[in-house]
1. If you scan the stretch 220-259, which residues turn out to be farther than 30 Å from N114 by Cα, assigned to a helix (DSSP H, G or I) and modelled with pLDDT under 80?
2. Can you go through V171, V187 and tell me which one is surrounded by 19 or more Cβ atoms within 10 Å (Cβ to Cβ), under 24 Å from the mean Cα position of the chain (by Cα) and assigned by TED's automatic domain parsing to the domain that holds D256?
3. Please go through (1) basic (K, R); (2) under 19 Å from T105 (Cα atoms); (3) buried (at least 17 other Cβ atoms within 10 Å of the Cβ) for K193 and return the number of the only condition it doesn't satisfy.
4. Give just the number: which of (1) crowded, with 23+ Cβ neighbours inside 10 Å; (2) at pLDDT below 90 does C269 not satisfy?
5. So Y147 ticks every box in (1) in contact (Cβ under 8 Å) with a residue 12 or more places away in the chain; (2) closer than 17 Å to T105 by Cβ; (3) not assigned by TED's automatic domain parsing to the domain that holds C269 but one. Which box is left unticked?
6. If I filter the stretch 147-160 for residues that are in a helix (DSSP H, G or I), of a type in the set (K, R) and farther than 23 Å from R248 by Cα, do I get at least one hit?
7. Would you mind finding the one in T196, T105 that is at pLDDT below 90 and among the β-branched types (V, I, T)?
8. Is it the case that D178 is assigned to a helix (DSSP H, G or I), of a type outside the set (S, T, N, Q), assigned by TED's automatic domain parsing to the domain that holds S260 and more than 22 Å from the chain's Cα centre (by Cα)?
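The values are calculated or read from the model by the stated rules, or taken from the named source; none is laboratory data. Because the structure is predicted, anything quoted here is derived from the model rather than measured. With ideal geometry, Cβ positions are generated from the backbone for all residues, glycine too; neighbour counts draw on all protein chains shown.
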Amino acid sequence: MIIPSRLIAIGPSALELVVALDLGSCVIGNAGPADARGDPAQSCPLAPFVPGHPTGPGDNEWAEYFRSMHTDAVLADVDCATCLDGGPHKVWPGPPVAIAIGRPTIVDCLDLLNIIGEAFGVQERSLTVFKQRSARLLALRMHVARYLVRMPGTAQPTTLALIHDADAWRVCDDRRTDELINAAGGVSAPLPKGSTLSLSDISDARANVILAGSVSAGTDDLAIARNVDALGELSPAVWHADWNALVRSSGPSIVDAVESTLRAVFPVCLGANGTPPDPAIYRRVAARRPIVN
């Protein structure tokens, strides 16, 4: 266990975790954008982890670099599931202590709070946030379960998750997308992951809900927005999704991603509280095709 006073958080999920654990004032650098709420993290002069290799080229070189900054600990997002073996692990035992985290399942995202809280000596805070976020996640799941019990025979919405890539639509192949749809009471459309679809293919899928966006551009990108708007011809419920915000989190905000997806996919479960999701995450596209029962 180490109680850091000088911490580097590499990537948005790492930064989110340390801020949630009230360690934001310890952050001396990060490789991602500063939190919109104004946490004290500054831009790190270089990103020390190469995609697919959590320790980057030359472990000792990077360790020396961080030691030269008088760093106590490093927490880093990595995408390499093989390297991570399905969970966080120490890249270097220290000093400084370096811990790599990946993008685990939704439930495991919350478990990360306790793992990192124990590693950094803030177990009480991590347990508090863990209980709050777990309770909210359970409440959202219960809304779906109660509605399906009260309304026997109700079909769960078939949901098609699309990514616009290289001027074509393809089925989102990120595991997290299916988890979000399932947690929101929907059922993923039975199409091959990563497959490229024509507009005719999308129409033939007859999905109740389409979630569409890009991983390389923001939700306000005009070119992507026009492509998403065109899908209004194909389904009565189309949402422009910010995939970066929805599938990249490995922290407590994953619960907010579940709630936003529920409000887009199956809002009737929330009754009078079924208000639209945050438009920064999901923006509704005007339907141009009549609903067919």
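1. Passing the criteria: L222, A223, I224, A225, R226, N227, D229, A230, G232, E233.
2. Sole residue among the options that is surrounded by 19 or more Cβ atoms within 10 Å (Cβ to Cβ), under 24 Å from the mean Cα position of the chain (by Cα) and assigned by TED's automatic domain parsing to the domain that holds D256: V171.
3. (3)
4. If we test C269 against (1) crowded, with 23+ Cβ neighbours inside 10 Å; (2) at pLDDT below 90, just (2) comes out false.
5. Looking at each condition in turn, Y147 falls short on (2).
6. Step one: of the stretch 147-160, the residues in a helix (DSSP H, G or I) are 147-150.
Keeping just the survivors that are of a type in the set (K, R) gives 150.
Cutting the leftovers down to farther than 23 Å from R248 by Cα gives us 150.
Yes, the stretch 147-160 contains a residue that is in a helix (DSSP H, G or I), of a type in the set (K, R) and farther than 23 Å from R248 by Cα.
7. Just one listed residue meets the conditions, T105.
8. no
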